[in-house]
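Undergrad: The structure's right below; bear with me while I get my questions together.
The values are calculated or read from the model by the stated rules, or taken from the named source; none is laboratory data. No experiment lies behind these values; they were computed from the predicted model shown. Positions of Cβ are backbone-derived with ideal geometry, glycine not excepted, and every protein chain shown enters the neighbour counts.
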Amino acid sequence: MPERDSIPDVVTDASGERLARAVTIGRGAPVLAFDVGGTDIKSALFDADGTAIGLRRTPTPAGDGDPAGALIARLAELAEQLRAEHPEVVPEAVGLVVPGIVDADAGVAVFSSNLGWRDAPMRELMAARFGLPVAFDHDVRAGSWAERVLGGARDYADAVVLIIGTGIAGSLLIGGKPYTAGGYAGEIGHSPIGEWPCPCGARGCLEAVASAGAISRRYTEATGTAVAGAHEVLALAAGGDGVAVRIWDEALDALTLSIAQLTAVLAPQAIVIGGGLSRAGGALFDQLRLRLADRLSFHRIPALVPAELSGNAGILGSALLAREARS
């Protein structure tokens, strides 16, 4: 398992935003790593010590007409910049992780509504452009792998990593390895637990009531008062606001039900929770532990633990996977 040295300093992107560095991935081959989101790209070189060099955040290109081609052209530009700034680091492989439905075994980006592609052969296209071995995977699944190797899931071979932010994303680790099902596994945020409508077109999806985005949206809809985010709703609930109390309680009940279902079916050793809502601390974790114990009986109740790698999990996972692609 890689060494777990820390990288205490920070870097800034072009706008001056601070990007915290996380743990190193340990010694090994130098690699390029990219973590692509709907609005921005994180990119970095990882040297032989496993340290992220030149870590930066830049906008994701629109790519009208050829979104996959536009993205790869932009990644090539970023790679050229990184290599020009750090000629002493010669990457031996590339890691790319993206959102949406990803068939990592086939190297295909099956679908992404935000990025606008269907059945894009991303690994093949990247290999042709970069001339290096390429690892290609889903962003949350790669981040979950980083949590397994370096972070909150490292002590658990069977775990669910649950990222609760604007939406809810998940990844399943079974026997210490990600379970993918052709890219369709882990859609916990869109598991049905009720009858309310979800923007995805299904009914009763977990993220429509329990994500940070849903919590703030539902409070605004119920009161007509806009809030800055779920953290403000939690503060209002702590202060006795009745609507905020109800919405937070409903979110906790929904999360408890979903975790109970996962526990009954998969019996994970742990549920590792990250994303913005995880910063609620005891208001989230303590309540989920109490409600889960009350709902279940003979089941093995999983440990509920915070994710440790924060927003850097995706790019760390990308780098780890790139090293695997080289071998």
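Undergrad: Does A153 count as in contact (Cβ under 8 Å) with a residue 40 or more places away in the chain, assigned to a loop (DSSP other than H, G, I, E, B) and surrounded by fewer than 16 Cβ atoms within 10 Å (Cβ to Cβ)?
TA: no
Undergrad: In addition: Here is a list of conditions, (1) in the same structural domain as A135 (by TED's automatic domain parsing); (2) surrounded by fewer than 17 Cβ atoms within 10 Å (Cβ to Cβ), and A303 meets all of them except one; can you say which number that is?
TA: Every condition holds for A303 apart from (1).
Undergrad: Still on this structure, I have one more. In the range 110-135, what residues are of a type in the set (A, V, I, L, M, F, W, C) and either in contact with a Cys (Cβ under 8 Å, 6 or more places away or on another chain) or part of a loop (DSSP other than H, G, I, E, B) (or both)?
TA: L115, L132 - these are the residues of the range 110-135 that are of a type in the set (A, V, I, L, M, F, W, C) and either in contact with a Cys (Cβ under 8 Å, 6 or more places away or on another chain) or part of a loop (DSSP other than H, G, I, E, B) (or both).
Undergrad: Within the range 263-307, how many residues are part of a loop (DSSP other than H, G, I, E, B) and aromatic (F, W, Y)? Outline the logic, then answer.
TA: First, pick out the residues of the range 263-307 that are part of a loop (DSSP other than H, G, I, E, B): 267-269, 275, 281, 296-302, 307.
Right, trim to aromatic (F, W, Y) and you get 298.
Counting residues in the range 263-307 that are part of a loop (DSSP other than H, G, I, E, B) and aromatic (F, W, Y) gives 1.
Undergrad: In the same structural domain as A267 (by TED's automatic domain parsing) and assigned to a loop (DSSP other than H, G, I, E, B): which single residue out of A185, A208 fits that description?
TA: After ruling out the rest, the residue left standing is A185.
Undergrad: What number of residues within the range 73-117 satisfy the criterion of being under 30 Å from G201 (Cβ atoms) and not charged (D, E, K, R)? Even if it seems obvious, please write down each step before you answer.
TA: To start, the set of residues in the range 73-117 that are under 30 Å from G201 (Cβ atoms) comprises 96-117.
From what's left, not charged (D, E, K, R): 96-102, 104, 106-117.
So the count comes out to 20.
Undergrad: What do you reckon, is G63 assigned to a loop (DSSP other than H, G, I, E, B), within 21 Å of the chain's Cα centre (by Cα) and not aliphatic (A, V, I, L, M)?
TA: Answer is no for this residue.
Undergrad: What residue, of G281, G317, G242, is of a type outside the set (V, I, T) and touching a residue at least 60 places away in the same chain (Cβ under 8 Å)?
TA: The unique qualifying residue is G317.
Undergrad: Residues to consider are R74, R57; find the one that is in contact (Cβ under 8 Å) with a residue 12 or more places away in the chain, in contact with an Asp or Glu (Cβ under 7 Å, 6 or more places away or on another chain), on the phi < 0 side of the Ramachandran plot and buried (at least 19 other Cβ atoms within 10 Å of the Cβ).
TA: R57
Undergrad: Output yes when any residue across the range 86-103 is out of contact with any strand residue (DSSP E or B) (no Cβ under 9 Å at 6 or more places or on another chain), in a helix (DSSP H, G or I) and surrounded by fewer than 18 Cβ atoms within 10 Å (Cβ to Cβ), and no when none is.
TA: Checked the range 86-103: no residue is out of contact with any strand residue (DSSP E or B) (no Cβ under 9 Å at 6 or more places or on another chain), in a helix (DSSP H, G or I) and surrounded by fewer than 18 Cβ atoms within 10 Å (Cβ to Cβ).
Undergrad: Right, next: I'd like the residue in the range 156-173 that is within 19 Å of A104 (Cα to Cα) and among the hydrophobic types (A, V, I, L, M, F, W, C) and, out of all such residues, is surrounded by the most Cβ atoms within 10 Å (Cβ to Cβ).
TA: In the first step, residues of the range 156-173 are kept if they are within 19 Å of A104 (Cα to Cα); the result is 160-161, 169-173.
Now restrict to residues that are among the hydrophobic types (A, V, I, L, M, F, W, C): 160-161, 169, 172-173.
On the way: V160: 26, V161: 32, A169: 26, L172: 21, L173: 26.
Among residues in the range 156-173 that are within 19 Å of A104 (Cα to Cα) and among the hydrophobic types (A, V, I, L, M, F, W, C), the one surrounded by the most Cβ atoms within 10 Å (Cβ to Cβ) is V161.
Undergrad: Out of everything in the range 174-213 that is hydrophobic (A, V, I, L, M, F, W, C) and in contact (Cβ under 8 Å) with a residue 40 or more places away in the chain, what residue ends up being surrounded by the most Cβ atoms within 10 Å (Cβ to Cβ)?
TA: It comes out as L206.
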